[in-house]
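Notes follow the structure.
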Amino acid sequence: MVQYHTGKQIHESKAAYKLAIRAMLEMKLYAQKLSKENDITIALARTPAETTAQRFAVSDLLHEEYKSKAATVIKGDLAAALQQIGKTKDLPIYYTNGTHVAVNADITLPERIGYEHTFFPVVDGGNILHIWLGEGSSRPEGLMDFAMQLAKNTQVGYFAFTRDMTVCTAEGSVSNGLHNKCPKCGSDKVQHLSRITGYLQAVEGWNAGKRQELKDRKRVEI
Ligand SMILES: [Zn+2]
């Protein structure tokens, strides 16, 4: 939404970041107004949007009026999607989710946290900070220190460290990273595991949009 209106993503300009904050605060105030008027509690929450991130992008790309506009802000492999459009709705595209910075944004982890933690106090629940770890083994002490930093010095309320894994179904070993063959025995009977939104799952079950997001994720070492 902010990229469409300002021409920039949250991490690319102050105006885009400010518009995101403004939009969230307006929704928060509206939820409070409705709560008061109706004497019930209405929460403003970010949803995990397991399928919506892809579904909205595909719907907009299929729509005569919206497709040219959507194409300017859709994430993923738009060229591949345009080739397959009409044949399938399971396309390798998606929108960024909630107040998340794009998964492939070329910024450091502290910079990402700087943008995303702002929104935690605004929503009543559902928000999460994803930390996508690279293939290298992060030191447990490093992860512990980092988690303490997050808990003490930021407004991040909920976070997850995620490392991609390859499970060899031939002999049951688990390796770091996504491999087409088991690094230990060479078997191609492998299954990939990663976090889709909240949970670790087998990648084969994901839609094409989520599988594309997995490819696009910028990973970090801690
Ligand atoms: Zn193996």
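Output yes when any residue across the range 18-40 is of a type outside the set (Gly, Ala, Ser) and part of a loop (DSSP other than H, G, I, E, B), and no when none is. Looking for residues that are of a type outside the set (Gly, Ala, Ser) and part of a loop (DSSP other than H, G, I, E, B), one finds at least one in the range 18-40, hence yes. Comparison of Val156, Val203 shows that the only residue that is within 20 Å of Asn127 (Cβ to Cβ) and crowded, with 16+ Cβ neighbours inside 10 Å is Val156. Candidates are the residues of the range 164-174 that are within 24 Å of Val220 (Cα to Cα) and surrounded by 17 or more Cβ atoms within 10 Å (Cβ to Cβ); the one that is nearest to the ligand (Cβ to nearest atom) is Thr166. The C-beta contact set for the range 178-193 (first residue closer than 21 Å to Arg211 by Cβ and open to solvent by less than 70 Å² (accessible area, probe 1.4 Å), second residue in a loop (DSSP other than H, G, I, E, B) and near the ligand (Cβ under 9 Å from one of its atoms), distance under 8 angstrom, 6+ apart or interchain) comprises Cys182/Ala170; Cys182/Glu171; Cys182/Ser173; Cys182/Lys189; Val190/Thr169; Val190/Lys181; Val190/Cys182; Gln191/Thr169.
If only one of Gly76, Gly114 is open to solvent by 30 Å² or more (accessible area, probe 1.4 Å), under 14 Å from the mean Cα position of the chain (by Cα) and of a type outside the set (D, E, K, R), which one is it? Walk me through how you get there before you give the answer.
On the way: Gly114 fails: under 14 Å from the mean Cα position of the chain (by Cα).
Only one candidate qualifies: Gly76.
Hey, does the range 6-24 have a residue that's of a type outside the set (Phe, Trp, Tyr), open to solvent by 80 Å² or more (accessible area, probe 1.4 Å) and in contact with a helix residue (DSSP H, G or I) (Cβ under 6 Å, 6 or more places away or on another chain)? Spell out the reasoning first.
First, the residues of the range 6-24 that are of a type outside the set (Phe, Trp, Tyr): 6-16, 18-24.
In the following step, the residues that additionally are open to solvent by 80 Å² or more (accessible area, probe 1.4 Å) were identified as 8, 12, 14, 18, 22.
Checking the rest, the ones that are also in contact with a helix residue (DSSP H, G or I) (Cβ under 6 Å, 6 or more places away or on another chain) come to 8.
Yes: one or more hits.
If the requirement is being more than 30 Å from Leu44 (Cα to Cα), under 16 Å from the mean Cα position of the chain (by Cα) and either more than 16 Å from the ligand (Cβ to nearest atom) or at pLDDT 95 or above (or both), which of these qualifies: Lys181, Lys215, Lys210, Lys189?
Values: Lys181 fails: under 16 Å from the mean Cα position of the chain (by Cα); Lys210 fails: more than 30 Å from Leu44 (Cα to Cα); Lys189 fails: under 16 Å from the mean Cα position of the chain (by Cα).
So the residue among Lys181, Lys215, Lys210, Lys189 that is more than 30 Å from Leu44 (Cα to Cα), under 16 Å from the mean Cα position of the chain (by Cα) and either more than 16 Å from the ligand (Cβ to nearest atom) or at pLDDT 95 or above (or both) is Lys215.
The values are calculated or read from the model by the stated rules, or taken from the named source; none is laboratory data. Everything quoted here is computed from the prediction, not taken from an experiment. A quick note on method: Cβ atoms are made from the backbone with ideal geometry, for glycine too, and the neighbour counts reach across all protein chains shown. We work out accessible area using only protein heavy atoms, side chains counted, and drop any ligands, DNA or RNA first. Shrake-Rupley method; radii C 1.70, N 1.55, O 1.52, S 1.80 Å.
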